[in-house]
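Here's the structure, in C-alpha cells; my notes come after.
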Amino acid sequence: MSALNLSTVVAVIGAGAMGAGIAQVAAQAGHPVKLHDTRPGAAAQAIDGIDRQLGKLVEKGKLSAEARAATVARLQPADAIEALADAGLVIEAIVENLDVKRGLLRQLEALCSAECIFASNTSSLSITSLAAGLAHPERVIGMHFFNPAPLMALVEIVSGLATPRALADSLYATARAWGKQPVHTASTPGFIVNRVARPFYAESLRLLQEGAADCATLDALLRDAGGFRMGAFELTDLIGHDVNYAVTCSVFAAYYGDFRFQPSLIQKELVDAGRLGRKSGHGFYNYAEGAERPQPVELSSNASVDSCVVEGDLGVVEALIPRLQAAGVQVVRRDGSGLLRVGDAVLALSDGRLASQRAQDDGVRNLVLIDLALDYSKASRLAITCAADTSDGARDQAVALLQRAGLKVSQLADLPGLAVLRTVAMLANEGADAVLQGVGSAADIDLAMRAGVNYPQGPLAWADTIGLPGVLRTLEHLQASYGESRYRPSLLLRRLVAEGRHFHD
C-alpha cells in the first residue's frame, strides 16, 4: 500500500510538545500542515517554537536555510476546528481522556470528508473504544509517536477491531516516508512498547525493595553490563514517577490485575511524597543544586590471580576469556559443565536460582554467580552474588579474576537471577507473550524496543543469543523461588524450546 500523497493536508490537533513535534515531522516530509489547539494563540506559538528549533539545526549545519523556510511555510495555525475540513489525515494529540477524544472524533466525522483518516496519538487508550461511537469506525487508527517526535524514530501503527489492513499499511508506508521506523501492533493495553517495557522498571524496583543493592549500583549494572542507556531509577526520574506509575497502573488494571504488571509500592510512595523525579527536583536521586550523586558500590581485591580453569562451554560468557588471556591470565581448558574455576572459587553464569540453592543442588562449594552482560568482551562492570558458604578468600579470588579482565565488580545480595539476567529474561518473556497473542511480530517487537526506548538489542533477539533453553530455565527458577505467576514462562517460549527453534527463525 502506498503512502499518502504529499499534497494531502495533514491536520494536527493539540499544540503541546507532542502535537507540535508531529506537525514538524509531517511538514518536514513535505505535507501542508494545519495545527489547531483550543487555547488561543497556542498553535501560532508552537509554530514559532518549531521555527526556532529548525534554526538551531541550521546553525549546526544539520539543515539548510532553504529547508527550514520551506518547512515553516507549510505550517499553518488553525484557530477554528472548521479550518480542518479539507484535511486528508487528522492526528489528534490531546489529553489522554477517552470521553474527550471520542467527542473530538465525533466532531471531526461531521466536519471532514468521508475519505479523511482519523489517527490518534494515544499511548494507552483502546483504538477500538475510541472508534466505537462513530458511524464509520473503520476510519480510526493509532499513530503513536514517541517524545520528542522529530527525534524518536518509532511510530506504532495501532489497528483497532474495525481498522482495515489497507489503512494500516497505508499509514505504515506514510510513516516510513516521513523518515520513521513504523511497526504494526494490535490495540491491546500498552500496545508494544508500554507493555513489553514494564519488566525493565519492575525488576529493578523489586531488587531495590528486596535489598539487592542501592539505586546507583543497580542503575550502573544495567548501563555498564546490560548496555542500556539508563538504569531504571534514573530513567523513571527522567520520565516522571507520576507518569510512569500511572502507565503501570493502567496496564495492570487493563489486564485485570495480572501480577506481571503489579505496580511498585516504592514508586507509589515517591508519587505520594511528590518526589516525581527531575521535574520536582527529587526522585530516587536528589537533583537540587550541589547535591552529590551517589556512586555504585564496588568490590576491590588484592588477591593474586595468574591462571584459571574453564570447564566445558561457558556459552555467552566465552567472550570474557580473550579478555583474561589478553591480560596475561593463563587459561586451562578441560571438560565440564560450564564452570570457571580460580583458586578456591567456582564461577558460573546465573540460571535464576539463588546461589545458595544452586550450591546445595549441585554440590558446589565457594560458588560465585555472575550476571548476564550484553557483550562480555566490552562490558565494564559485572554483578556477582555468592552462596552462603563462599569464603571471603574465594570471593576475593573471583573478584580479582574479573578485575584482571578490566571489569568493575558489584556484589548483590543472594537474589535469584541477579539484575541484568532477570530483567532481560522478563523482557523477552513479555515480548514472547505479545507475539503469541498477536500484538506484533517478533521483528516488530524487537524494532519497537530498540527504536522506541533505545534498548541495546531487541529482547527476543537477545533471548535467541543467550539461548532459549537458558531463558526458559531462568524463568522457571525465578517462578520456583518466588512462587508467583509473575515469572510464569510464556507458552510460546516453551513451544519454541520444545521445537528447537528461535524467535527469529
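The values are calculated or read from the model by the stated rules, or taken from the named source; none is laboratory data. Keep in mind it's a predicted model, so treat the numbers as computed, not measured. Reconstructed Cβ throughout: ideal geometry from the backbone, glycine too, with neighbour counts over all protein chains shown.
A compact table of results
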| quantity | calculated |
| --- | --- |
| Search result, residues across segment 40-79 that are without any contact (Cβ under 8 Å) to a residue 12 or more places away in the chain and in contact with a strand residue (DSSP E or B) (Cβ under 9 Å, 6 or more places away or on another chain) | G41 |
| Among (1) over 34 Å from the mean Cα position of the chain (by Cα); (2) surrounded by 13 or more Cβ atoms within 10 Å (Cβ to Cβ); (3) free of Cβ contacts under 8 Å to residues at least 24 places away in the same chain, the one test that A326 misses | (2) |
| Residue among D371, D375 that alone is of a type outside the set (K, R) and surrounded by fewer than 24 Cβ atoms within 10 Å (Cβ to Cβ) | D375 |
| Unique match (being surrounded by fewer than 16 Cβ atoms within 10 Å (Cβ to Cβ), at pLDDT 95 or above, within 30 Å of the chain's Cα centre (by Cα) and not assigned by TED's automatic domain parsing to the domain that holds T248) among V90, V95, V25, V100 | V100 |
| Boolean, V271 is within 23 Å of the chain's Cα centre (by Cα), of a type in the set (V, I, T), outside the structural domain of W462 (by TED's automatic domain parsing) and surrounded by 18 or more Cβ atoms within 10 Å (Cβ to Cβ) | yes |
| Odd one out for Q437 among (1) of a type in the set (S, T, N, Q); (2) over 30 Å from Y255 (Cα atoms); (3) surrounded by fewer than 24 Cβ atoms within 10 Å (Cβ to Cβ) | (2) |
| Odd one out for Q45, checked against (1) in the same structural domain as D169 (by TED's automatic domain parsing); (2) polar (S, T, N, Q); (3) out of contact with any helix residue (DSSP H, G or I) (no Cβ under 8 Å at 6 or more places or on another chain); (4) exposed (fewer than 13 other Cβ atoms within 10 Å of the Cβ) | (4) |
| Number of the exception - L374 against (1) free of Cβ contacts under 8 Å to residues at least 60 places away in the same chain; (2) within 35 Å of the chain's Cα centre (by Cα) | (1) |
| Those residues of segment 256-296 which are over 18 Å from L218 (Cβ atoms) and in a strand (DSSP E or B), in sequence order | H282 |
| Filtered residues of segment 233-242 (kept if surrounded by 15 or more Cβ atoms within 10 Å (Cβ to Cβ) and either free of Cβ contacts under 8 Å to residues at least 24 places away in the same chain or under 20 Å from T423 (Cβ atoms) (or both)) | F233, E234, L235, T236, D237, I239, H241 |
| D306 vs. criteria in contact (Cβ under 8 Å) with a residue 24 or more places away in the chain, charged (D, E, K, R), farther than 18 Å from A232 by Cα and surrounded by fewer than 18 Cβ atoms within 10 Å (Cβ to Cβ) | yes |
| Single condition V497 does not satisfy, out of (1) within 23 Å of S337 (Cβ to Cβ); (2) surrounded by fewer than 18 Cβ atoms within 10 Å (Cβ to Cβ) | (2) |
| Some residue of segment 163-182 being closer than 21 Å to L105 by Cα and not in a helix (DSSP H, G or I) | yes |
| Qualifying residues in segment 402-430 (those that are basic (K, R) and more than 20 Å from Q357 (Cα to Cα)) - the one farthest from the chain's Cα centre (by Cα) | R404 |
| Qualifying residue in segment 135-144 (condition: among the hydrophobic types (A, V, I, L, M, F, W, C), surrounded by 15 or more Cβ atoms within 10 Å (Cβ to Cβ), touching a Leu at 6+ places or on another chain (Cβ under 9 Å) and at pLDDT below 95) | no |
| Residue identified as surrounded by 18 or more Cβ atoms within 10 Å (Cβ to Cβ) and in a helix (DSSP H, G or I) among A443, A461 | A461 |
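Yes/no per residue for (1) assigned by TED's automatic domain parsing to the domain that holds F259; (2) closer than 20 Å to L207 by Cβ; (3) among the acidic types (D, E); (4) surrounded by fewer than 24 Cβ atoms within 10 Å (Cβ to Cβ):
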{"residue": "G417", "(1), (2), (3), (4)": "no, yes, no, no"}
{"residue": "M449", "(1), (2), (3), (4)": "no, no, no, no"}
{"residue": "N454", "(1), (2), (3), (4)": "no, no, no, yes"}
{"residue": "T474", "(1), (2), (3), (4)": "no, yes, no, no"}
{"residue": "H477", "(1), (2), (3), (4)": "no, yes, no, yes"}
{"residue": "S481", "(1), (2), (3), (4)": "no, yes, no, yes"}
{"residue": "S485", "(1), (2), (3), (4)": "no, yes, no, yes"}
